[in-house]
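Structure record follows, encoded as structure tokens.
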Amino acid sequence: RPVIELQDTVVTFKRNQGTITALDHVSLAIEPGEIYGIIGYSGAGKSTLIRVINHLQVPTSGKVIVNGQALDDLDQRQFQKARKKIGMIFQHFNLMNSRTVLNNVEFPLLGEKLSKTERREKALALLKLVELEELAEAFPDQLSGGQKQRVAIARALANNPDILVSDEATSALDPKTTLSILKLLQSLNQQLGLTIVLITHEIQVIQTICHRVAVMEAGQIIEQGKVAEVFMRP
Ligand code: ADP
Ligand code: ADP
């Protein structure tokens, strides 16, 4: 069964006198182990879609089911637990600049029942996974964009999430670095069976690693299907 399911989901916001429909009857089902792309221009509703999946935005109507749990059945504590099972990476990395690479990766583990040594070992293993162990004691501003994103990926995996949401994670990177990050995501998808939801405005990113794609416009999914069918190469 799907890891993420939206059934006729609507999100509206009140603005001035009117109402904005950020998600307009969106339905989708993302299967375990899939790399699912969501593409659309600014304002299309991509961030709202992620916020709904991530339980940060309560839909106005419709159902949202993540890992078999319907959003409206959860209390605050269950929300927090469910949210931990979704890793996030962003365009601007969102690393703590005053902390080492290792401390950044350890951060999500601070609330867990782990000894200092266990936490350190876990963080080092994650850094190894993204091929960045040797930079454990460096600070983020000493790293390249691609290296920063690798740290962010390691941090996003700290709580063993089932789902990784990549929100324009390669948008600030040059084409070569973009490709290396996409290859890393692809290998994590294959090695760990991680489901990846990849938000982008670039068709190339979708074509490089996504299995399926949804095209969003004005709050709606206007097209959905296998990447090769939705975006045929010339
Ligand atoms: P992007 O197009 O890069 O996703 P946006 O400006 O659409 O950036 O959104 C950035 C953040 O601000 C999102 O979390 C979104 O939900 C929120 N946001 C967008 N538009 C408004 C608005 N009119 N009022 C309040 N928050 C908004
Ligand atoms: P995208 O991520 O594709 O740029 P968003 O989901 O951020 O799109 O925004 C979709 C629409 O909803 C936009 O018109 C945006 O201004 C509006 N919007 C998003 N968040 C809010 C908010 N918190 N309050 C009011 N309007 C919002």
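The values are calculated or read from the model by the stated rules, or taken from the named source; none is laboratory data. Fair warning: this is a prediction, and the values are worked out from it, not measured in the lab. Reconstructed Cβ throughout: ideal geometry from the backbone, glycine too, with neighbour counts over all protein chains shown. Areas reflect the complete protein model, heavy atoms only, side chains present, ligands, DNA and RNA absent. Shrake-Rupley method; radii C 1.70, N 1.55, O 1.52, S 1.80 Å.
Some notes on this structure:
- Separation of segment 158-234 and segment 1-50, taken as the distance between their Cα centroids, equals 16 angstrom.
- R0 of 25 Å, Cβ-Cβ distance residue 125-residue 84: FRET efficiency to nearest 0.05: 0.85
- Share of carbon and sulfur in the accessible heavy-atom surface of the chain [1.4 Å probe, %]: 48 percent
- Amide H contacts of residue 38: 198, 199, 200, 214, each under 5 Å away and 5 or more positions distant or on a separate chain (H built 1.01 Å from N in the peptide plane; Pro and chain starts excluded).
- Averaged over its residues, the chain has an accessible area of 52 Å² per residue, based on protein heavy atoms and a 1.4 Å probe.
- Three-way shape label, segment 99-234, alpha-carbon gyration tensor, a/c 1.5: prolate
- Normalised contact order of the chain, rounded percent, pairs of Cα under 8 Å and 6 or more residues apart: 28 percent
- Residue of 68, 145, 219 that the Gaussian network model of the chain assigns the largest fluctuation, springs spanning Cα pairs under 10 Å: 68
- Taking Lys and Arg as +1 and Asp and Glu as -1, the other residues whose beta-carbon sits under 14 Å from that of residue 42 total -3.
- Environment charge of residue 119, counting only residues whose C-beta is closer than 9 Å and scoring Lys/Arg +1, Asp/Glu -1: -1
- Where GluC sites (Glu not before Pro) fall in DSSP loop in segment 85-119, at most 13 other Cβ within 10 Å: 112
- Taking Cα centre as origin and charging only the Cβ of basic (Lys, Arg, +1) and acidic (Asp, Glu, -1) residues, the dipole magnitude of segment 46-182 rounds to 280 debye.
- Per the Debye formula on identical point scatterers at the alpha carbon atoms of the chain, with no solvent, log10 I(q)/I(0) at q = 0.11, 0.14, 0.17, 0.18 Å⁻¹ is -0.57, -0.92, -1.27, -1.37.
- Above 14 Å, the calculated P(r) of segment 85-124 contains 51 percent of its Cα-Cα pairs.
- Ordering 38-48, 128-138 by mean Cβ neighbour count within 10 Å, with the highest value first, yields 38-48, 128-138.
- Annotation note: chymotrypsin sites (Phe, Trp or Tyr not before Pro) in segment 42-118 located in DSSP loop regions with a Cβ neighbour count of at most 15 within 10 Å are absent.
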